[in-house]
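Written out below as structure tokens is the structure these notes cover.
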Amino acid sequence: QVQLMESGGGLVQAGGSLRLSCTASISIGSIHAMDWYRQAPGKQRELVATTTSGGSTNYADSVKGRFTISRDNAKNTVYLQMNSLKPEDTAVYYCRAQKFWNIYWGQGTQVTVSS
């Protein structure tokens, strides 16, 4: 069982920045992939960014060049640095971990971007 705890959400004006954190209850070096998803009201949950244990990263087109995913294995934490935020980035952001065939989700953190 893997527990994930997100933090760092909040209210920010358009153009501002936030950094989300996701801390796992186990060593993230043993987790194949850790992702950030988001879900806006009335919309499906969508993948925002991925980082793998091999060091690769991937981003949704809508956030490329603005968001950066990174991991600190020593702290068992994955970060999502979000810059140049737009109102359409408003959503609940969820951390997800994939370990072998198992998927684990955090409880989510709200990000609200005002225009």
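Can you give me the accessible area per residue for the chain, using a 1.4 Å probe, in Å²?
That works out to 53 Å² per residue.
Just to check I understand the Karplus step: with θ = phi - 60° and J = 6.51 cos²θ - 1.76 cosθ + 1.60, what whole-Hz values come out for region 68-81, glycine and proline as x?
In residue order, the calculated couplings are 9, 9, 8, 9, 10, 4, 5, 9, 6, 10, 10, 10, 10, 8 Hz.
Pairs on different chains or at least eight residues apart, Cα atoms closer than 25 Å: how many lysine pairs in the chain fit?
The number of close lysine pairs in the chain is 4.
Give the range of the longest stretch in the chain that excludes all chymotrypsin sites (Phe, Trp or Tyr not before Pro) found in loop regions by DSSP and having at most 13 other beta-carbon atoms within 10 Å.
1-99
With +1 on each Lys and Arg Cβ and -1 on each Asp and Glu Cβ, how big is the dipole of the chain about its Cα centre, in debye rounded to the nearest 20?
Around 60 debye, computed over the chain.
Among G55, G16, G42, which one shows the biggest mean-square fluctuation in a GNM of the chain, springs joining Cα atoms closer than 10 Å?
G42
Write down the percent of antiparallel bridges among all DSSP beta bridges whose residues are both part of the chain, to the nearest 5.
90 percent
Please report the relative contact order for the chain, taking Cα pairs under 8 Å with a sequence separation of at least 6, and give it as a percent rounded to a whole number.
36 percent
Output needed: percent of Cα pairs per 10 Å distance bin for region 23-100, bins running from 0 to the one holding the longest distance.
Bin by bin from 0 Å, the calculated values are 19, 51, 26, 4.
Would you kindly derive the ³J(HN,Hα) couplings of region 14-28 from the backbone phi angles with the Karplus curve 6.51 cos²θ - 1.76 cosθ + 1.60 (θ = phi - 60°), listing them in order in whole Hz, with x for Gly and Pro?
Listing the rounded values in order: 4, x, x, 10, 9, 10, 8, 10, 9, 9, 9, 7, 10, 5, 6 Hz.
Considering the chain as a Gaussian network with a 10 Å cut-off on Cα pairs, which listed residue, K75, K43, K64, attains the greatest mean-square fluctuation?
Of K75, K43, K64, the Gaussian network model singles out K43 as fluctuating most.
Ordering R96, R19 from largest to smallest accessible area (1.4 angstrom probe), what's the sequence?
R19, R96
Past the 12 angstrom mark, what percentage of all C-alpha to C-alpha distances in region 1-52 do you count?
Distances greater than 12 Å cover 74 percent of the Cα pairs.
The values are calculated or read from the model by the stated rules, or taken from the named source; none is laboratory data. Computed from a predicted structure; not experimentally measured. FYI the Cβ positions are ideal-geometry reconstructions off the backbone, even for glycines, and counts take in every protein chain you see. For the accessible areas, the whole protein counts, side chains as well, though only heavy atoms, and no ligand, DNA or RNA atoms are used. Shrake-Rupley method; radii C 1.70, N 1.55, O 1.52, S 1.80 Å.
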